Amino acid sequence: MKLPDLLQSLDPDASLAQRHLWLMAALRWVRGDESDTQTSVLRVRAFLDAIEGDATLAARWHAWWQRFTDTVDMTPLLADHGFAPRTAFLSELNHRLRRKVLPGTPETTDLAELYGLLLPSEFDVRWIKGLDSATLQRLRALLFNEADERHWSAEVMDALTFCVSQVSATGFASEIRIRLSPEAQQARPFHELPSDFEALRQAVRRTGARSDESLAAAERLRNQLDACRHAAYTVYSHLEEHGVSVGIVFRLRQLRERIVRIKQLLDCLQSEQPERATAGLLADLVQVGIEGRSVRALIASSSQLTAAKVAERSAESGEHYITRNLAEYKDMLGKAAGGGAVLGFTTWAKFGLYSLGLSAFWGGFAAGLNYAISFVVIMLLHLTVATKQPAVTAPAMVAKLRDIKQVGAVRRFVDEVANLFRSQIAAILGNIGLVIPMVLLISSVLWFSTGTAMINEDKALHTLHAHHLLGPTALFAALTGVLLFASSIIAGWVENWFVFHRLDSAMAHNPGFTRWLGQARAARWASAARQNISGLAANISLGLMLGLVPAFAQFFGIGLDVRHVTLSAGQVAASAFALGLDVLRLPDFWWAVAGVLVVGPINLTVSFYLAFQLALRAQAISTVNRALIRAALWRRVRVAPLSFLLPPRDEPEDEAEPAKDAANG
């Protein structure tokens with residue numbers, strides 16, 4: 001639509017929806033093709049020129065604008081736009097999902113609802129901020145006469161009232177108040193905030209918004225807001241120590257943004273260039289409106305601290321799985337061999353479940369329960385399953401980069417990569433080195449006692465074909481790597497939840513527990529639960545996912561399966577025993593062996609990569625530092641490749657790195 005046609009259709013007597021549709025068309029004309037902000041600024045000037053140059057059109061415009069300001073409520077836009085309608089994370093998530101599905105309507109008197117239809121693009125942010133002072137002053141003269149100025153000031157004061165009350169309510173909420181530091185609780189900043197705002201409101205009513213008295217009252221309010229913000233920051237320290245809640249992090253983020261909005265409104269009310277402050281606020285409202293429609297932004301901003309805490313708790317667990325000298329390397333071999341022995345019995349139980357003829361779901365559940373019980377037994381016996389390590393060891397390694405600017409940080413990280421690589425080799429060798437003999441031993445006992453092997457020949461041939469290297473084995477191994485990573489996330493989340501709700505303290509001191517168990521036993525159980533909750537969550541969730549994910553995929557007609565290197569090695573060994581020595585002449589057997597050799601590295605690589613990326617984000621490692629880390633790793637591969645394979649006899653001392661290496665780090 002061209003400007004003359006647009007102005008010709010301006011009708012102050014049109015219906016509410018038609019008036020708003022006209023405004024949407026006018027702003028769409030200002031945006032144009034969204035290629036250049038300066039073009040949009042020139043269009044705003046052309047619009048002003050047209051109104052100012054035609055008295056009849058100006059009168060029609062003022063009538064239209066008066067009708068618009070009389071029928072819409074600006075306060076929700078100024079006070080609430082971009083904020084959650086409720087203080088709960090899940091409520092806001094549900095609200096955003098509804099907004100994505102359900103269309104908006106211009107037939108509304110709530111300017112906050114209309115705003116997203118009027119200015120839906122990030123380009124609107126740029127052209128509004130690109131308006132020069134002269135154009136902004138002309139816009140102010142066009143939009144605001146003396147009565148409009150008073151109405152605008154009243155709307156801003158109402159918005160300030162709502163925002164200040166929300167900040168106070170958040171500070172008084174029990175979940176926030178009890179987590180403030182003792183110093184913040186003693187200072188009582190949220191208690192003084194309403195009285196400071198009331199002093200500003202009275203000053204504005206008596207002497208105007210820009211009087212010395214009002215400016216002084218506004219300065220006191222700003223200082224009190226800063227005190228509230230600093231007090232709220234102390235809650236993060238409590239969360240770091242006692243567990244993170246996405247809901248609390250969400251409320252703290254909302255509080256911080258409310259304080260920023262209050263200061264913006266004060267600028268609109270008292271700035272020497274109120275038109276510039278107002279334009280900045282309107283542009284920010286466009287931006288927060290766009291972000292307020294994003295589900296991804298909500299989850300990312302509210303779960304960042306939770307992800308960091310999950311990674312940190314995984315790092316604490318991962319330290320136990322990294323070997324740094326020869327003695328630890330041998331110990332890892334022994335623990336992994338023990339884990340392989342247990343998984344030999346798991347393989348026997350897996351094939352035994354096939355004979356029950358269960359339906360897809362119950363067969364998957366039984367298989368998952370078999371895996372989960374085996375993994376828990378391995379954990380309680382302090383043994384090791386190889387592919388479970390990378391998802392928890394990656395955060396442990398990235399924790400070395402927490403102080404990346406310190407001397408030797410990158411070198412220590414490269415050392416940790418070499419340590420991890422050696423640990424994985426030891427774990428895989430130990431697992432496979434004993435799961436195969438254990439499966440063969442069980443098969444031999446079954447053969448001599450019952451006359452049948454662990455599986456029949458048809459099942460053996462099918463198993464070898466299923467593990468064929470040129471089949472979907474690599475894809476299934478990658479899926480298993482994702483499940484391994486997912487189990488570490490579940491473990492970190494469950495442990496964080498356990499700590500956040502102080503369940504160990506409840507178990508140790510709750511009268512019901514102590515009356516039933518006794519004080520000493522309740523304390524022991526609480527300590528054991530705190531120490532093992534992460535491992536139990538990881539092992540049980542992994543086992544159930546390995547069994548149930550293929551079953552659920554089958555329900556939707558998707559032929560997915562899992563490939564765990566130790567379990568796959570055991571299944572191939574059982575198949576080989578069932579087929580006898582003639583199996584050595586079967587091509588499928590050797591293709592299956594090659595498939596098993598591929599499964600292990602893929603399991604490890606996928607789970608480690610996902611955990612490593614999460615840990616990098618949790619530690620906020622920059623792109624530049626990531627490049628330096630990659631360069632340091634390649635340098636170690638070229639200079640000392642055997643350090644990734646052979647353990648040192650003694651634990652290396654943490655010597656200071658030369659200044660040159662520090663510069664590279």
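Looking at this structure, is residue 151 surrounded by fewer than 16 Cβ atoms within 10 Å (Cβ to Cβ), touching a residue at least 12 places away in the same chain (Cβ under 8 Å) and out of contact with any Cys (no Cβ under 6 Å at 6 or more places or on another chain)? Break it down into steps so the answer makes sense when it comes.
On the way: surrounded by fewer than 16 Cβ atoms within 10 Å (Cβ to Cβ): yes; touching a residue at least 12 places away in the same chain (Cβ under 8 Å): yes; out of contact with any Cys (no Cβ under 6 Å at 6 or more places or on another chain): yes.
For residue 151, the condition - surrounded by fewer than 16 Cβ atoms within 10 Å (Cβ to Cβ), touching a residue at least 12 places away in the same chain (Cβ under 8 Å) and out of contact with any Cys (no Cβ under 6 Å at 6 or more places or on another chain) - is met.
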For this session: Just give me the residues in region 352-370 being surrounded by fewer than 22 Cβ atoms within 10 Å (Cβ to Cβ) and either within 20 Å of residue 460 (Cβ to Cβ) or not assigned by TED's automatic domain parsing to the domain that holds residue 385 (or both), in sequence order.
Result: 352, 353, 354, 355, 356, 357, 363, 370
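Taking the options 327, 336, name whichever one is assigned by TED's automatic domain parsing to the domain that holds residue 419, in contact with a helix residue (DSSP H, G or I) (Cβ under 7 Å, 6 or more places away or on another chain) and either at pLDDT 85 or above or assigned to a helix (DSSP H, G or I) (or both).
On the way: 327 fails: in contact with a helix residue (DSSP H, G or I) (Cβ under 7 Å, 6 or more places away or on another chain).
When all the criteria are applied, what remains is 336.
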Exercise. Only one of (1) surrounded by fewer than 20 Cβ atoms within 10 Å (Cβ to Cβ); (2) within 33 Å of the chain's Cα centre (by Cα); (3) without any contact (Cβ under 8 Å) to a residue 24 or more places away in the chain is not met by residue 520, so which one is it?
Worked result: (2)
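Given region 456-542, what helices (runs of 4 or more DSSP H) lie entirely inside it while holding 3 or more residues that are within 19 Å of residue 606 (Cα to Cα)? Break it down stepwise before answering.
Details: elements: 457-466, 473-500, 503-509, 511-517.
The qualifying helices (runs of 4 or more DSSP H) are 473-500.
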Exercise. So residue 240 clears everything in (1) surrounded by 14 or more Cβ atoms within 10 Å (Cβ to Cβ); (2) assigned to a helix (DSSP H, G or I); (3) touching a residue at least 60 places away in the same chain (Cβ under 8 Å) except one condition, right? Which one?
Worked result: (1)
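Kindly check whether there is at least one residue in region 439-458 that is in contact with a Lys or Arg (Cβ under 9 Å, 6 or more places away or on another chain) and among the polar types (S, T, N, Q).
Checked region 439-458: no residue is in contact with a Lys or Arg (Cβ under 9 Å, 6 or more places away or on another chain) and among the polar types (S, T, N, Q).
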Seminar exercise, completed: Of the candidates 580, 570, 557, the one satisfying the condition of being assigned by TED's automatic domain parsing to the domain that holds residue 486 and surrounded by 24 or more Cβ atoms within 10 Å (Cβ to Cβ) is 570
Exercise. From the residues in region 623-642 that are in contact with a Phe, Trp or Tyr (Cβ under 9 Å, 6 or more places away or on another chain) and either aromatic (Phe, Trp, Tyr) or closer than 22 Å to residue 427 by Cβ (or both), which one is modelled with the lowest pLDDT?
Worked result: 633
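Do we find a residue being among the polar types (S, T, N, Q), under 30 Å from residue 229 (Cβ atoms) and either in the same structural domain as residue 25 (by TED's automatic domain parsing) or modelled with pLDDT of 90 or more (or both) anywhere in region 115-122? So that I can check it myself, show each step before the final result.
So the first thing to find is which residues in region 115-122 are among the polar types (S, T, N, Q), and the list is 121.
Subsequent filtering for residues that are under 30 Å from residue 229 (Cβ atoms) retains none.
No.
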Problem set entry | Members of region 40-64 that are more than 29 Å from residue 126 (Cβ to Cβ) and among the aliphatic types (A, V, I, L, M) | 55, 59, 63
Exercise. Considering region 269-283 alone, what residues qualify as being crowded, with 19+ Cβ neighbours inside 10 Å and among the acidic types (Asp, Glu)?
Worked result: 275
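Residues in region 243-275 that are touching a residue at least 40 places away in the same chain (Cβ under 8 Å) and within 15 Å of residue 209 (Cβ to Cβ): how many?
Going through region 243-275, the residues touching a residue at least 40 places away in the same chain (Cβ under 8 Å) turn out to be 243-255, 257-259, 261-263, 265-266, 268-270, 273-275.
Of the ones still in play, those that are also within 15 Å of residue 209 (Cβ to Cβ) are 262-263, 265-266, 268-270, 273-275.
Number satisfying all stated conditions: 10.
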Exercise. Can you pull out the residues in region 485-501 that are touching a helix residue (DSSP H, G or I) at 6+ places or on another chain (Cβ under 7 Å) and touching a residue at least 60 places away in the same chain (Cβ under 8 Å)?
Worked result: 485, 487, 488, 489, 491, 492, 493, 495, 496, 498, 499, 500
For this session: State all residues of region 8-40 that are hydrophobic (A, V, I, L, M, F, W, C) and either in contact with a strand residue (DSSP E or B) (Cβ under 8 Å, 6 or more places away or on another chain) or assigned to a helix (DSSP H, G or I) (or both); if no residue qualifies, say none.
Result: 16, 17, 21, 22, 23, 24, 25, 26, 27, 29, 30
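Filtering region 203-237 down to residues that are among the polar types (S, T, N, Q) and part of a helix (DSSP H, G or I), which residue is nearest to residue 157 (Cα to Cα)? Walk me through how you get there before you give the answer.
Going through region 203-237, the residues among the polar types (S, T, N, Q) turn out to be 207, 211, 214, 223-224, 234, 237.
Then keep just the ones that are part of a helix (DSSP H, G or I); that gives 207, 214, 223-224, 234, 237.
On the way: 207: 14, 214: 12, 223: 18, 224: 18, 234: 30, 237: 34 Å.
By that ranking, first place goes to 214.
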Exercise. Of all residues in region 153-196 being within 28 Å of the chain's Cα centre (by Cα) and outside any helix (DSSP H, G or I), which is farthest from residue 110 (Cα to Cα)?
Worked result: 181
Problem set entry | Residue under evaluation residue 200, criteria (1) touching a Phe, Trp or Tyr at 6+ places or on another chain (Cβ under 9 Å); (2) surrounded by 19 or more Cβ atoms within 10 Å (Cβ to Cβ), criterion not met | (1)
Exercise. Across region 546-592, what is the number of residues that are outside any helix (DSSP H, G or I), within 27 Å of residue 360 (Cβ to Cβ) and of a type outside the set (D, E, K, R)?
Worked result: 7
Problem set entry | Test result for residue 489, in contact with a Ser or Thr (Cβ under 9 Å, 6 or more places away or on another chain), buried (at least 18 other Cβ atoms within 10 Å of the Cβ) and assigned by TED's automatic domain parsing to the domain that holds residue 526 | yes
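Out of region 12-44, which residues are among the charged types (D, E, K, R) and over 18 Å from residue 283 (Cβ atoms)?
Of region 12-44, the ones among the charged types (D, E, K, R) are 13, 19, 28, 31, 33-34, 36, 43.
Those that are among the charged types (D, E, K, R) and over 18 Å from residue 283 (Cβ atoms): 13, 19, 33.
The values are calculated or read from the model by the stated rules, or taken from the named source; none is laboratory data. Please read all numbers here as calculations on a predicted model, not as lab measurements. Here Cβ is always computed from backbone atoms with ideal geometry, including for glycine, and neighbour counts include all displayed protein chains.
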